[in-house]
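Just so it is clear, none of the values below were taken in a lab; they were calculated from the coordinates. Since the structure is predicted, the reported quantities are computational estimates derived from the model, not experimental observations. Heads up, the Cβs are rebuilt from the backbone with ideal geometry, glycines too, and the neighbour counts pull from every protein chain shown.
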C-alpha cells in the first residue's frame, strides 16, 4: 500500500448478496475507498454492480487480482473459491479481505497460513464482521475494562428466521456456527479445546436428518466453558447475541433497538429478518477500518488468517462430534510466531 | 379494635366489581380477616357473595355498620353514598376503608375531616391502592433512600384500554385522575398549588365534547412541577406509571412484567387489560396492611381522610381549569393538627 | 384431610431458614392454614418460632408426625432426614410437603415412590417452588397456549451471589442444579436421557477442585436439547432464569422488576441477593396452593414423589458425568401407573 | 450544484466543538464531500482543523462564502452570526446547512424566509439533527405506517448532565428546548398554538433565578397536546427521548443501547455524557443526506428555513410565557407557498 495515497483502489470478487453489499459500501459509505474492479462468473451481474458503483468488469477473479490498478481485494465469491483466490492475492502481495469461511477446509486454510509465514507478513483479513458490530464491541469493551473480572463462561446464540432447503448439518457448522466460534475465541481469548455437539431437526422440510438447531458445549485451553446455540430455522426472525459470564459479573449485548410500540395489549419491538439488516453497520465499520488501516500502511485491521484457520479447525471438530455423537478434542492450535499476538487481533 | 383479637370481623358495603373483589380478598387472601357481613341495594348480588365468602346479608349499608358483630367496614358502593356511610362509621366509631373518591365533592369530604377532628382520632382510610403496588413502592423506596436527591418533577401516566359511553370530562378527573393526584402528593410530599388542564377528544363514540385524554401541568407549594396524562381510551391496554425526576437522577416504575415472547419478527410482552389485573397484588397488600394494622390497634395504615379531601380539592381545581381553559389556583390546603404528619401516611 | 374443615392443621419439621420461612407463611400469609406444631433438634430454635407463630414444640420430627392434631406435615430439616420422615408420614397417611431434594439419594427416593405405590395414593409433594413463581408460570402459560410451538430447546441459568466454603461439586448438583433439572422436566415435559457436565473453579476460597460453575448439556427422550448453567459464586447477585426455544419462537422470564434508576451516567435496577427475596412470592403461593388443595380434599397440588425421584436420578447422572468427564446416560425413567399423568403435575 | 459532479466542495464556518465535528465528518465519514475551506475568528483554531482535514483557512466567514471553490456552506459559528451568514449564502446562491437556532431572533429568521421567497427557491437547511437519529427515525416510521393511528399527544424529554454557569432561562429555551419544539412539530405535523412554561431552579450554582428545569405544556392548531421537559442540569447524564401517543397505541424511542452489565447486585447500562456521543450517528447521517441530496441536485434534504423560523416563533412564545407566568398564544404560523409541503420536510 502506498502510505501517501488518499484512496485505496479496491477490487471485489463475487457480486451476489454479500459482494454487492460490499461494493455498495465501498462506493458510497466508505471514504478513502475507490471501487475499481468487480469480478463474477456471471459477468452480467457484475456489470450491473459496475454500472452503479463503477469499476472494470472481470469474469475471472484471478484477472482482477492481477490488474495493476487493483491495490486491495475483497473476496465474496462461493466458499470453494476462497482459498485459491486468497493464495493468488498473496502471490501478488495484495491485501485481501476474504468473507468467512477463509477456506472450505481447515487444510486449505492451513496452506494460506503457511504462505503468509513464507512471505513473512500478514496480508489476509477474514470477514468476521461481528467484531465490528457496536453491540458486540460494547461487550468487548466491558471485558477489556475488567468490569466483570476474567471471563469464565461464554454463551452465544445465533438464529436465522429460515433457511433454503438443501443444506446439511455440516453446512450449518461451516457457514453459521463458524461466526460463533470466532466470537467465542475473540471474547474468551483462549483456543477451544473440546466440543460436544447435539442437534435436532425442527423443520421437516429440510429432511429429517438435517440438524437445523445445534447446541454446542465447549471448553477452552484455560478451562473456560461455553455454549453455542445455532438455530437456522428459528421461525421468528434473525438474532445474534452473546453473554459473557465473568468472575464477578456478566455482560450481554443490549436489548433490541427498535422503537417501542404499545398496541393491542402488548408492548413490542421489531426483530430484523436477516443479517444484512442486523449487521448493516458492522459491515460498513469493518470495511472502513480495513481501508483506514490500509491508508495508514497497515495490511490488516482485524481477524487474520490464523483466526480463519483456527475457526475451521474447531468447525471440523464440531462436525466430527455431530457425526460421532461424542465430545471431540480439537487438534492442538499453536500459532506460528507471525500470529503470536493472542487471539484478539482488532488492534 | 380489640388488640387481643386474632381476627378482625369486617363488613363490606357494595358488592359490584370492587366490593366483590375486596370480599374475595378478605375471605381467602387476607389472614386475620373474617368477612361477617355484606350489604348491597341489590340483595341478590350481595347474597351470591355471601354464599361464597360468608357473612350476613344487608340491603342497607347503615344497618351493616350498626351490626355489633362488624368491627370494621369497607365501602365500595357508588360514589354519592361514600360520605354518608363514612360519617355513619365515624358515629359508630368503626374503622373504615373507603374506596376513592372519599366523597362526591370536596365539601362532603371536608365534613368527614371535621368529624374526625371532632372525634379526635382518625378512623378513615381511603382506597388509594397504588401506595401498596410493588412497582410504586419500589419507586417510593428509592426516593426515601435519597438515591436521586429531592424530587423536583413528577410525571404520571394513566391509561385505560377503553371506557363506557356516558362519561363526562369531569368524571375523568374525579374517577381516574384522582389516583394520579394522590400519587403526585405521595411522591412529591407537597401540596399541589396550581393546575392547568388541557384535553382532547380522541374517541368520537363518547361525544365530541368529552375529553377522554387530559394533560395536566401542575406546580406545588414548594415550587416543584408535574405533569399527568389521563387517557381513558388508550385503545391498547391498561397502564399506570410514574417517573420522578430528582436533583441528581430519576426513578421510574419497572418495565412490564410479562413473559418475553419472540415471534413473527417481534419481541413482545403482554399488557394488562384493566386495573383489577394490574393492581391485583396492590389490593391484597392494601387490605392485608389495613387488617394487620387493626390487629395491632392502629385504626389506619395508609392514606387518610385528609388525603381523600386534598385530592378532591385538587380535582375541583382541575375541573375549574378544564372549564375555564386557564391555569387554576388550588384552594389553600392546611391540614388540621390531627393530620400534621406530612402527606405521606403509609407508616 | 377432612374436606369439610375450614383450616388445615400443619406441623413443620426443621426451623432453620427454610422452615422458619414456611412457618411464618403458614402463620400469617396463608389463610386456611393453622400452624399447630414445630419440631427441631434445636428445641430452643423451634421454641422461638412457636412463640411467634404458635404450635407445640417437638425435638423429634417423628413425634410431630404422630401427633393426632397434626393433619399435614412440612419437612424442612437437613437433607438426610427427608426420606425417613417422608416415609413416616406415609405410614401415618398424612400429606407431606417436603423440601427438595426429596432424599439424599435416588435409591432412598425410590423407596418413597414404592411406598406410595403400595399405599395406592400420592401423599407427597416436593418443594420445587419455581413452579409457583409468577415469572416461571408466565413462561409456562405461553408454552401451554402454543404461542411458540412445541419446545425444542431449554436454557436455564441459576446464580447465587456467594456460597459458604466446604461445599463439594456434588453438593452443587444435588442442592442447586436439582431445581433446574425439575424446571427442565416441567417445561419440556419429557424425561432427561443424557447429560454432559463440565465445570470450572472460579472461587479459589472453595478449594481449587470444587466446580462452583457448572455447565450441563442435556438431551431428552424425545430428542429435545437443553443447557443449564449453575453458578454458585456469581459474585454479583442471585438470579434464576429460563428461556425456552420453540418451533416458531421463544419465551423467556421477564426482565428484573426493580425500580429503574438513572444516576451517575447509568440506568440500573437492583438484583436480589438470595432466594428468599427472589422467590418470596413463589413460596407463599406454593404453600397456599397446597393448603387450598388439602381443603378441597386433594392430597397434593404440585410436583410429586416421582418428580422428586426423577430429579435425583438425573442428578446422579450429572455427578457421574462430572466424575468421568464424559456424557452420561440417565437410567431409564418409567413412572408407575400412579404417576402416569406426564411430568407436569401442577394441575 | 453541478449534478454531474462526483464531490461537493464544502466550506465550514466556525471550528469549535460543532464545527470541528462537522469538519471531521465531511473529511473522513461522508463520501461525496470535500472540505475545501474553514473559517474562524480564531484563525489558529481553524488552522488546526485545516491541517487535519484540509481546506483554505479564512478568518471571515463572508470571505469563505464568496470563495468560488466553495459550493456549499456549513455554519457552526456563534448564534448571532447565523442570520447574516445565511443571508450572505443566499446572496451567493449557495446551499447552506446552518446549525440551530437559525437566527438569534424570530425576526431575523423571518428575513431569511423572505429572502428565500424572493429567490424563489430554498437553499437553507437547519441543523435539527434529531430528524436523522436512528431512534427518532424509528419512531417516525411507526407513525408513518399508521401503526398507532393519528398522533394525539407528544411527550419529549431532554436532559443534559450539567451546564456552564452564566446561562439564563431564555438561553435554555433558545438553545435546548428549540430542538424539542422542532421534534414536536416533526412528529405531530401541526403547528404549536399555545404554550405554558413553568420552571424551577435545581442547581443553585446557576443563580436562584435561572430555571434549569423547564416544563412546557402545549397545544397545536389541530387540538393535539404535548409536554416537553428540558432539564439542563439532570446531574446524571445526557438523554433525549420522545413518546408519541396515538389514537390506538403509543410509540417511544428504544431503551439505552449500551451493553447490559450485571455487577454488585445491579443490572445496568451506561448513559452518554453529552450530545456529541449521543447523536454521533445522527450528525453523520444528516451530513451524508445533505451531501447526497446536493449531488442529486437537491438544495436541501431536511428541515428548512421555515422550520428554523417557526421553531423560533414558538421559542419566543415560550419565553413570553416563562416571563408572564401564564399560557401564551403563539403568533399565527402560515407558511408561504414555497414551504407549503407540511411541516415534515425530510423527503
Using only Cα atoms, tell me the angle between helix B:43-53 and the longest principal axis of chain B; keep it within 0 to 90° and round to the nearest 10. 80
Which whole-angstrom value gives the distance between the alpha carbon centres of region C:45-69 and region B:164-184? 53
Residue A:137 paired with residue C:44, simple spin-label distance in nm, labels 7 Å along Cα-to-beta-carbon: 6.3
Using a 10 Å cut-off on Cβ to Cβ distances, tally the other chain neighbours for every residue of D:266-275 and report the average as a whole number. 6
One decimal, nm, shortest first: give the distances between the label point of residue C:17 and those of the same position in the other copies, each label point 7 Å from Cα along Cα→Cβ. 4.3, 5.0, 5.0
The simple spin-label model distance between residue A:221 and residue B:119, using points 7 Å out along Cα→Cβ, in nm, is 7.9
Round to a whole angstrom and tell me the spacing of the C-alpha centers of region B:309-338 and region D:76-122. 48
For the Cα atoms of chain D, what angle does the longest principal axis make with the long axis of helix D:178-188, in degrees from 0 to 90, nearest 10? 80
Where along chain D is the Cβ that lies nearest the axis linking it to chain C, and how many Å separate them? D:268, 2
Where a ≥ b ≥ c are root eigenvalues of the Cα gyration tensor, a/c under 1.5 meaning rounded, otherwise prolate if a/b exceeds b/c and oblate otherwise, region C:204-246 counts as oblate
Got the residue A:121 label distances to the other copies yet, label 7 Å along Cα→Cβ, in nm, shortest first? 5.0, 8.7, 9.3
Stokes-Einstein, Kirkwood over Cα pairs, region A:154-278, 4 °C, 1.567 mPa s; D in µm²/s equals 82
Nearest-5 percent of antiparallel DSSP beta bridges in the protein assembly as shown? 60
Quick one: with label points 7 Å out along Cα→Cβ, list the inter-copy distances for residue C:340 in nm, shortest first? 6.8, 7.7, 8.2
Listed with the fewest Cβ neighbours within 10 Å leading, D:97, D:300 appear as D:300, D:97
Taking only Cα atoms and a 10 Å spring cutoff, compute GNM fluctuations for chain B and point out the largest among B:332, B:270, B:159. B:270
Label-to-label distance, nm, for residues given as residue B:265 and residue B:333 (7 Å Cα→Cβ offset): 5.0
Averaged over residues of A:230-237, the number of beta carbons from other chains lying within 10 Å of each residue's Cβ is 6
Helix B:280-295 vs. chain B, principal-axis angle (Cα, 0 to 90°, nearest 10): 40
Based only on other Cβ atoms within 10 Å, what is the fewest-to-most ordering of C:230, B:56? B:56, C:230
Sum -39500 (n - 2.57) across every DSSP H segment of at least 4 residues in the protein assembly as shown, then divide by the residue count to get the 222 nm mean residue ellipticity, nearest 500. -10500 deg cm²/dmol
Using only the Cα atoms of region D:242-347, build the gyration tensor, take square roots of its eigenvalues as a ≥ b ≥ c, and label the shape rounded, prolate or oblate: rounded if a/c is under 1.5, else prolate if a/b is larger than b/c, else oblate. oblate
Expressed as a whole number of Å, what is the distance separating the alpha-carbon centroids of region B:237-274 and region C:203-234? 32
Taking every DSSP bridge whose two residues both lie in chain B, the antiparallel percent to the nearest 5 is 55
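Please report B:294, C:85 as a ranked list, fewest other C-beta atoms within 10 angstrom at the top and most at the bottom.
C:85, B:294
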Rounded to a whole number of µm²/s, how large is the Stokes-Einstein D of the protein assembly as shown at 25 °C and 0.890 mPa s, given Rh as the Kirkwood radius over C-alpha pairs? 70
Specify whether the C-alpha gyration tensor of region D:1-71 places it in the rounded, prolate or oblate class, a ≥ b ≥ c being the square roots of the eigenvalues: rounded for a/c under 1.5, otherwise prolate if a/b is larger than b/c and oblate if not. oblate
